[in-house]
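Every read-out reported here was derived from the displayed coordinates using simple, explicitly stated rules and does not represent laboratory data. This structure is a prediction, so every number in the text was calculated from the model and none was measured. Positions of Cβ are backbone-derived with ideal geometry, glycine not excepted, and every protein chain shown enters the neighbour counts.
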Amino acid sequence: MDLAQFFAQLGARRLPDITPLEIRRFVAGLSHQGVSRRTIARKLSCVRSFFRFLCRDGTLDHNPAASVPTPRQERRLPSFLDERQIVRLLHAPSATGWQGLRDRAMLEALYSTGVRIGELVGLNREDVDEISGTAIVRGKGKKERLCPIGETALSALRAYLAKRPRKLQVPYALFVSQKGTRLTVRHADRLLARYVKLAGLPPSVSPHSLRHTFATHLLDRGADLRSVQELLGHASLSTTQIYTHITPQRLKKVYDQAHPRA
């Protein structure tokens with residue numbers, strides 16, 4: 001389909017006569033039509049692959065699409081919850097029964113630490129130090145980092161651990177399933193989706209939305225970007241900079257602090 005569109009625009013042309021300029025015009029035409037940059041990048045990749053194949057096949061001696069740059073992708077702002085929404089979500093699990101207590105502790109821990117869902121379910125009991133209020137988190141590439149845990153999340157964890165069954169297949173895992181095994185990412189995803197629905201929140205809210213919420217709320221309340229980078233476990237500060245979107249609350253706060261007649 002993408003190749004058909006490309007050749008339909010060029011018309012009847014000999015393959016060796018196609019130039020990088022014509023491919024650039026094809027890309028510019030798509031942009032002028034309002035085609036998204038992501039779709040343009042896909043179509044251009046298809047064209048590049050086609051000419052790369054022709055070069056390997058010996059039909060062409062050069063790839064005219066190789067020098068055509070891919071349009072820079074839009075950086076989408078991460079979705080996040082405001083403080084009223086996150087409170088509704090955290091209160092959605094029932095406080096009766098060990099599984100409800102587990103789910104509340106899980107949500108509190110996600111919001112309190114900003115960890116990825118895979119990092120959360122991978123935690124062991126010994127990774128959490130209640131005295132110092134920290135957890136050892138194993139991130140991408142098995143890199144370890146120390147994450148602070150707020151007192152509210154710690155209290156939720158204590159309540160859950162006090163009620164969970166004693167006989168478990170994996171007793172050292174922090175979050176366990178009804179069968180006594182370690183909670184999986186897929187199971188945790190389903191649990192979150194259930195509570196998102198109970199809280200009346202958009203179905204698009206995901207575990208990563210809580211990570212985005214964690215970072216946004218820290219920055220809204222004055223945390224510096226470098227500290228948030230460390231807390232999230234980002235290798236590069238440029239990855240963390242996506243969270244520097246301006247929320248109305250932060251804009252109002254800056255205005256009140258800076259304007260002489262605020």
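Structure note, pairs K43/K142; K142/K167; K43/K197: Cα-Cα distances above 31 angstrom occur for K43/K142; K43/K197. Residues whose amide H falls under 5 Å from that of I149, counting only those 5 or more places apart or on a different chain, are T134, A135, with hydrogens built in the peptide plane. Within the chain, the longest segment free of exposed loop sites, counting GluC sites (Glu not before Pro) that fall outside DSSP classes H, G, I, E and B and have at most 14 other Cβ atoms within 10 Å, spans 131-262. The distance from the alpha carbon centre of segment 172-214 to that of segment 105-156 is 14 Å, rounded to a whole number. Taking Cα atoms only, the orientation of helix 37-57 departs from the longest principal axis of the chain by about 50 degrees. The amide H of V176, built 1.01 Å from its N in the peptide plane, has L183 as neighbours under 5 Å, considering only residues 5 or more places off or on other chains. Roughly how tilted is helix 20-32, in degrees to the nearest 10 and between 0 and 90, from the longest Cα axis of the chain? Helix 20-32 sits roughly 50 degrees off the main axis of the chain. Here the chain is treated with +1 on each Lys and Arg Cβ and -1 on each Asp and Glu Cβ, and its dipole about the Cα centre works out to around 540 debye. Helical runs assigned H by DSSP (4 residues or longer) give the chain a calculated mean residue ellipticity at 222 nm of -16000 deg cm²/dmol, each run adding -39500 (n - 2.57) before division by the residue total.
Qualifying trypsin sites (Lys or Arg not before Pro) in segment 56-155, where qualification requires a DSSP coil assignment and no more than 14 other C-beta atoms within 10 Å, comprise R72, R75, R76, K143.
The candidate values were (1) 68, 52, 35; (2) 75, 62, 34; (3) 54, 49, 33; the one computed from these coordinates for Cα extents along the principal axes in Å carries the label (2).
Taking chymotrypsin sites (Phe, Trp or Tyr not before Pro) across segment 148-186, the ones in a DSSP loop with at most 12 further Cβ atoms lying within 10 angstrom of their Cβ are Y172. Rounded to whole numbers, the Karplus 3J(HN,Hα) couplings from phi for segment 218-231 are 4, 5, 4, 9, x, 5, 8, 4, 5, 5, 5, 4, 5, 5 Hz, using 6.51 cos²θ - 1.76 cosθ + 1.60 with θ = phi - 60°, and x at Gly and Pro.
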